[in-house]
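A short worksheet on the structure shown next.
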Amino acid sequence: MKDLKKIILIVISILLLGTLNGFSQRGGHRGGGHHGHGGRGYRHGAKVVIKQSIYRPAKIVVYHPFWGPKRAFNRRWIYFPRYNFYWDNWRNHYVFWNGTIWYSQPSPPPTVVNVNIDNEKHYELKDSDDDVDDVYQGNETHKTEYKPE
């Protein structure tokens, strides 16, 4: 019986030491990035979190919006500078300023209801904007970068 207790104690000790050894090699509670481990998403104890939009498709998609079925887009946001609104390829929504707040809805803004927007000048925004759900926060920059012709 004493021998069995000794064997169990030795096995538990070995398992416990192996677990602690693996923990210390990953940088312990401070995260990686120390002692030349390369980071693995950590830097000086801070965890890097990349938040993706819940609307991001799982696979790469080529978009053909209903207002321009012959067009092919690779990015989420299309900006129409003449009317200062956005088309969201992921949600099939328009995002526009109504004079007091930004709206996001499936129907077009009142200013373009009778306009064939397929014929209007438009720009695909950058890939880095794809995970930005509130793209309108960059509207002042978009108005200067993408001017109507």
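Just for segment 115-129: of the residues that are in contact with a strand residue (DSSP E or B) (Cβ under 6 Å, 6 or more places away or on another chain) and assigned to a loop (DSSP other than H, G, I, E, B), which one is surrounded by the most Cβ atoms within 10 Å (Cβ to Cβ)?
Among them, the one singled out is 122.
Condition check ((1) surrounded by 14 or more Cβ atoms within 10 Å (Cβ to Cβ); (2) over 18 Å from the mean Cα position of the chain (by Cα); (3) in contact (Cβ under 8 Å) with a residue 40 or more places away in the chain) across all residues:
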| site | (1), (2), (3) |
| --- | --- |
| 62 | no, no, no |
| 73 | yes, no, yes |
| 78 | yes, no, yes |
| 113 | no, yes, no |
| 149 | no, yes, no |
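Out of the residues in segment 84-111 meeting the condition of being among the hydroxyl-bearing types (Ser, Thr, Tyr) and in contact (Cβ under 8 Å) with a residue 24 or more places away in the chain, tell me which one is surrounded by the most Cβ atoms within 10 Å (Cβ to Cβ). Working first, answer last.
First pass over segment 84-111, keeping only residues among the hydroxyl-bearing types (Ser, Thr, Tyr): 86, 94, 100, 103-104, 107, 111.
Narrowing further to those that are in contact (Cβ under 8 Å) with a residue 24 or more places away in the chain: 86, 111.
Working: 86: 24, 111: 14.
Residue satisfying both the conditions and the ranking: 86.
Conditions (1) at pLDDT below 95; (2) closer than 24 Å to residue 144 by Cα; (3) assigned to a loop (DSSP other than H, G, I, E, B), marked per residue:
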{"residue": "51", "(1), (2), (3)": "yes, no, yes"}
{"residue": "54", "(1), (2), (3)": "yes, no, yes"}
{"residue": "60", "(1), (2), (3)": "yes, no, yes"}
{"residue": "75", "(1), (2), (3)": "yes, yes, yes"}
{"residue": "79", "(1), (2), (3)": "no, yes, no"}
{"residue": "91", "(1), (2), (3)": "yes, no, yes"}
{"residue": "131", "(1), (2), (3)": "yes, yes, yes"}
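The values are calculated or read from the model by the stated rules, or taken from the named source; none is laboratory data. Quick caveat: nothing in here was measured; it's all calculated off a predicted structure. Ideal geometry is used to build each Cβ from the backbone, glycine not excepted, and the neighbour counts take in all protein chains shown.
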